[in-house]
Structure formats: C-alpha cells, structure tokens
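Q: Below are the structure tokens for one structure; questions will follow.
The values are calculated or read from the model by the stated rules, or taken from the named source; none is laboratory data. Keep in mind that what you see is a predicted model, and the values were worked out from it rather than measured. Because the Cβ atoms are built from the backbone with ideal geometry, glycine has one as well, and the counts that use them run over all protein chains shown. Surface areas here come from the heavy atoms of the whole protein model, side chains and all, with no ligands, DNA or RNA. Shrake-Rupley method; radii C 1.70, N 1.55, O 1.52, S 1.80 Å.
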Amino acid sequence: MEVSFALTGKDYVIIAADQNAARSIIKMKGDEDKIKALGSHLLMAYSGEPGDTIQFAEYVERNLRLQQMRNNHPLRPQAAASWVRRSIADSLRSRNSYSVNILLGGYDMAENTPKLYWMDYLGTQSDVPYAAHGYGSYFALSLLDREVQKRLVISFPSFRVKVVDAEGVREVDVDMSV
Amino acid sequence: MEAISHAGTVLGVLAADGVVLAAEKKVTGKLLDLSVTKEGGYGGSGEKIYLLTNNVVVGVAGLTADANSLVNYARTAAQRHLFTFNEDIPVEQLAQRLCDLKQGYTQYGGLRPFGVSLLYAGWDPYYQFQLYLSDPSGNYSGWKATCIGANNGTAQSLLKQEYKEDIKVEDAIALVMKVMSKTMDSTTLGSEKLEFATLTLDAETKKPRAKIYRPTEVDALLLKHGLAKKEDAEMK
C-alpha cells in the first residue's frame with residue numbers, strides 16, 4: 001500500500017514518497033522517511049517488504065559512501081544505479097532476497113544532467129523521465145503519460161536491426177514510416 | 001628495479017586535448033617475424049604499448065613476461081568494473097587496482113615483485129585526460145609529462161625544459177618525437193624501434209578514442225617530423 005513518485009525537469013529531479021509505516025491493516029506511524037540521500041547529488045526512494053527496505057537502503061548507503069571515500073568522488077547516477085540494480089539481481093538469486101522497489105534520482109555533475117532510474121525487486125532497471133511505484137503508480141502514470149501510445153507494449157514504433165556477414169557485425173537503419 | 005633502468009624508454013605527455021605515449025622497442029632484428037603487427041590486432045607491435053580498455057592505453061617498461069601478466073589483470077579489472085557499474089573504469093581506479101596487486105608482492109614472502117613500471121594514458125568523465133606512472137613497489141603518481149625505462153633522467157629533464165602548459169596533442173606528438181630521438185641509443189628512428197599511441201576525444205561522440213599506431217603510420221609520423229631514417233626519406 002505504499003507509493004512513491006519521481007520526475008525529472010530540465011535541471012532537477014523531484015522525488016516523493018508516502019510516510020506510512022503499516023503492518024497488515026494497522027498503521028504504525030505516519031512520519032516515516034522513505035527517501036535516502038546517498039550522496040550530495042543522489043536520492044533513493046525505496047518501498048517494498050518492511051525490514052528488507054531499510055536493510056537494503058542502508059547497505060546501499062554505506063557501500064556508496066565507501067566508494068566515495070576510496071575514490072575521492074561519488075559514483076555518477078548511472079554507475080550508482082547499475083550497482084544498485086546488480087545488488088538487487090544478485091540478492092534475488094540468493095537464498096534470502098531483498099524485496100525492494102527503488103526510484104533512484106540524481107544530478108550528473110560530469111554531464112550536468114538530471115537522471116532518474118526506475119528499479120523493481122526483480123532487478124529490472126529503466127532510465128526514465130518520470131516514474132512511480134505502488135498502487136499510486138496506476139493513477140500517477142496515466143496522469144503523466146501524455147502520449148500513452150508510446151508506452152503501450154503492443155505498439156512497436158521502431159525496430160533496431162543488426163546484420164552479421166563476412167564483413168562483421170553492423171547496424172542498419174530501417175525506415176518505419178512507410 | 002634494475003631491469004627497468006635497462007628497459008626500452010617509454011614516455012608520455014599530457015596535452016589539453018589528449019595524451020601521447022611513445023616507447024622504444026628493444027627486441028628487434030632482421031629475422032624477427034613482424035608480419036602480424038602490420039595488419040592484425042589493434043595496431044602496435046605488442047611489445048611495449050597495450051590497449052587496456054576503451055579509455056586507457058598503457059606503456060610498459062621492465063620484464064615483458066611480468067608486464068603481460070599485469071596487462072591481463074588490468075584488462076580483467078577494467079571489464080569487471082564495466083560489468084558492475086556500466087561505465088568505463090576511471091583511470092586512477094585502474095592504476096590503483098594494479099598498484100594494490102604490485103604492493104602485495106612487496107609485502108608477502110616467497111614471491112618476487114613484478115619488475116614492471118607502467119605509464120597509463122587515459123580519459124574519464126571525472127578528471128578528463130590523465131597520465132599516471134606506477135613502479136614495482138606499488139607507488140603511483142599523476143604527471144603532465146614523464147618517462148620510465150633507460151635514460152629516464154635525461155628524458156625527464158628534457159621534458160621539463162620543453163613542456164608548456166596547455167600544450168595541444170599535435171605539439172605533444174612533436175615534443176615526444178623530439179625527446180625520443182635524443183634519448184634513444186640509436187641515431188636513426190624507425191618503426192622497428194618505436195611504438196606510438198595517442199588518446200583523444202572523438203569530436204562527434206565525445207567518447208575517448210585510443211589509437212595505437214601501426215608500423216607504417218609510425219614511419220609516416222617520423223617522416224612528417226623529419227626524424228625518419230635517411231634511406232626512408234630518399235625512397236619516398
């Protein structure tokens with residue numbers, strides 16, 4: 001019953017998450033912070049199995065901090081997202097996996113661009129302009145999807161075509177407008 | 001290490017828009033089979049200069065067998081970083097990984113250290129172009145222009161005299177050629193004695209582009225800078 005949203009603008013990312021800590025039908029408290037700052041320019045909203053979420057978020061937080069201390073600079077959002085995704089994917093294939101869904105938003109200081117990544121507990125990762133997790137996502141995404149056509153999985157507006165022959169591997173452009 | 005002071009000279013110069021590496025080859029001779037180096041591989045003749053990843057080229061001085069082992073280790077480390085973080089390994093981190101390994105061999109008994117010094121020419125989005133040097137003890141340092149191998153003292157002082165801030169790659173190539181011609185034992189330079197590489201940014205993609213020169217390209221470059229062998233110049 002949790003929900004989190006995020007969206008990117010020209011030079012920023014906004015992340016929001018609910019504050020409920022609930023078990024079964026009982027709400028324990030209403031001032032829980034489910035967004036962690038993983039560095040000076042990186043935020044992570046997490047939701048999912050209670051306990052797993054906090055454990056995993058702290059694990060990520062400490063590891064990224066260690067990376068920063070060792071290398072004198074923080075990981076870029078893209079690298080951090082890849083590392084988090086790999087951690088989820090590795091844990092999924094272990095005896096005890098973390099059931100955590102994540103929205104990772106950051107500002108890439110090397111390229112001066114905002115970045116947002118959507119990840120779920122199965123290790124799916126996607127680089128997106130806006131995203132949401134939880135029941136609220138059904139409502140929020142339809143609100144944010146100005147062009148629903150583009151995101152329906154049954155519409156394929158373009159194909160990527162690659163050929164291999166004696167010349168080696170290459171990519172060919174296919175005009176889909178015909 | 002003793003072996004390194006006798007090894008072929010490797011020098012590197014950091015420019016504003018790229019890095020240049022040059023190395024003196026020691027294993028030469030009329031009977032040496034160089035047919036593969038002319039067309040196969042990714043350029044170079046595989047004695048002194050190696051491509052570690054997209055964004056790092058390395059020049060080695062010392063025991064060649066040890067160097068091969070280190071190059072193999074570095075390539076694995078770089079690919080492992082790409083696998084976990086989906087980004088090219090930052091240059092300093094790659095240097096650190098190798099230095100951690102090298103340091104280990106100075107500490108534990110029973111084994112000898114790697115008799116290799118390395119020059120790393122690289123680019124990453126964090127610090128752009130970089131030039132690092134590492135020695136067998138596991139120390140590493142960043143440089144604007146430096147040198148390892150035989151006559152490194154002479155080359156170092158020459159570089160110190162001639163290096164200018166904000167030097168461009170074209171000028172850096174000329175500088176490297178000049179210093180190389182003065183420090184090498186032989187009076188004439190040729191592709192059988194020289195390896196050469198540059199690392200620049202692709203103007204379109206903004207991605208690093210490493211170029212290890214083929215023997216013919218090295219000769220063309222020497223000719224351009226008026227350092228080619230006499231008979232070569234006459235033949236052209």
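Q: Check off (1) surrounded by fewer than 18 Cβ atoms within 10 Å (Cβ to Cβ); (2) touching a Gly at 6+ places or on another chain (Cβ under 8 Å); (3) within 14 Å of chain A (Cβ to nearest Cβ) for B:PHE83 and give me the number that stays unchecked.
A: Result: B:PHE83 fails condition (2) only.
Q: Determine whether A:LEU116 is among the aliphatic types (A, V, I, L, M) and open to solvent by 50 Å² or more (accessible area, probe 1.4 Å).
A: Working: among the aliphatic types (A, V, I, L, M): yes; open to solvent by 50 Å² or more (accessible area, probe 1.4 Å): no.
It is false that A:LEU116 is among the aliphatic types (A, V, I, L, M) and open to solvent by 50 Å² or more (accessible area, probe 1.4 Å).
Q: Let me ask something else about it. Can you tell me which of A:TYR107, A:TYR12 is open to solvent by 60 Å² or more (accessible area, probe 1.4 Å), under 25 Å from A:LEU141 (Cβ atoms) and touching a Pro at 6+ places or on another chain (Cβ under 7 Å)?
A: Values: A:TYR107 fails: open to solvent by 60 Å² or more (accessible area, probe 1.4 Å).
It is A:TYR12.
Q: Tell me, which helices (runs of 4 or more DSSP H) lie completely within the range B:1-111 with 3 or more residues that are more than 17 Å from the chain's Cα centre (by Cα) and over 30 Å from B:LEU222 (Cβ atoms)?
A: On the way: elements: B:2-6, B:35-39, B:64-85, B:91-107.
Correct list: B:64-85, B:91-107.
Q: Moving on. Return a yes/no flag: does the range A:171-178 have any residue that is at pLDDT below 90, assigned to a strand (DSSP E or B), loosely packed, with under 14 Cβ neighbours inside 10 Å and touching a strand residue (DSSP E or B) at 6+ places or on another chain (Cβ under 8 Å). Steps first, please.
A: Looking only at the range A:171-178, we keep the residues that are at pLDDT below 90, and these are A:172-178.
Then keep just the ones that are assigned to a strand (DSSP E or B); that gives A:172.
Next cut, loosely packed, with under 14 Cβ neighbours inside 10 Å only: A:172.
So of that shortlist, the ones also touching a strand residue (DSSP E or B) at 6+ places or on another chain (Cβ under 8 Å) come out as A:172.
Yes, because at least one residue in the range A:171-178 is at pLDDT below 90, assigned to a strand (DSSP E or B), loosely packed, with under 14 Cβ neighbours inside 10 Å and touching a strand residue (DSSP E or B) at 6+ places or on another chain (Cβ under 8 Å).
Q: Still on this structure: Restricted to the range A:67-95, and to residues that are of a type in the set (Lys, Arg) and in a helix (DSSP H, G or I), which residue is modelled with the lowest pLDDT? It would help to see each step written out before you state the result.
A: Narrowing the range A:67-95 to residues of a type in the set (Lys, Arg): A:70, A:76, A:85-86, A:93, A:95.
Those still in the list that are in a helix (DSSP H, G or I) too: A:70, A:85-86.
Values: A:ARG70: 92, A:ARG85: 97, A:ARG86: 96.
Only one residue tops the list, namely A:ARG70.
Q: A further question on this structure: So how many residues does the range B:87-122 have that are within 13 Å of chain A (Cβ to nearest Cβ) and surrounded by fewer than 16 Cβ atoms within 10 Å (Cβ to Cβ)?
A: 1
Q: Let me ask something else. Go through the range B:144-183 and give me each residue that's in a loop (DSSP other than H, G, I, E, B) and surrounded by fewer than 20 Cβ atoms within 10 Å (Cβ to Cβ).
A: Going through the range B:144-183, the residues in a loop (DSSP other than H, G, I, E, B) turn out to be B:144, B:149-151, B:163-168.
Selection gives B:LYS144, B:ASN151, B:TYR163, B:LYS164, B:GLU165, B:ASP166, B:LYS168.
Q: Still on this structure, please answer the following. What about A:LEU64, is it assigned to a loop (DSSP other than H, G, I, E, B), surrounded by 14 or more Cβ atoms within 10 Å (Cβ to Cβ) and within 13 Å of chain B (Cβ to nearest Cβ)? First the steps, then the outcome.
A: Values: assigned to a loop (DSSP other than H, G, I, E, B): no; surrounded by 14 or more Cβ atoms within 10 Å (Cβ to Cβ): yes; within 13 Å of chain B (Cβ to nearest Cβ): yes.
Against the criterion (assigned to a loop (DSSP other than H, G, I, E, B), surrounded by 14 or more Cβ atoms within 10 Å (Cβ to Cβ) and within 13 Å of chain B (Cβ to nearest Cβ)), A:LEU64 does not qualify.
Q: All but one of (1) closer than 18 Å to A:LEU75 by Cβ; (2) touching a helix residue (DSSP H, G or I) at 6+ places or on another chain (Cβ under 6 Å); (3) not β-branched (Val, Ile, Thr) hold for B:PRO90; which doesn't?
A: Only one criterion is unmet by B:PRO90, namely (2).
Q: A further question follows. Among A:ARG95, A:ARG70, A:ARG86, A:ARG76, which is open to solvent by 10 Å² or more (accessible area, probe 1.4 Å), more than 10 Å from every other protein chain (Cβ to nearest Cβ), over 16 Å from A:SER47 (Cα atoms) and without any contact (Cβ under 8 Å) to a residue 40 or more places away in the chain? Let's see the steps before the verdict.
A: On the way: A:ARG70 fails: more than 10 Å from every other protein chain (Cβ to nearest Cβ); A:ARG86 fails: more than 10 Å from every other protein chain (Cβ to nearest Cβ); A:ARG76 fails: more than 10 Å from every other protein chain (Cβ to nearest Cβ).
Exactly one of A:ARG95, A:ARG70, A:ARG86, A:ARG76 is open to solvent by 10 Å² or more (accessible area, probe 1.4 Å), more than 10 Å from every other protein chain (Cβ to nearest Cβ), over 16 Å from A:SER47 (Cα atoms) and without any contact (Cβ under 8 Å) to a residue 40 or more places away in the chain, namely A:ARG95.
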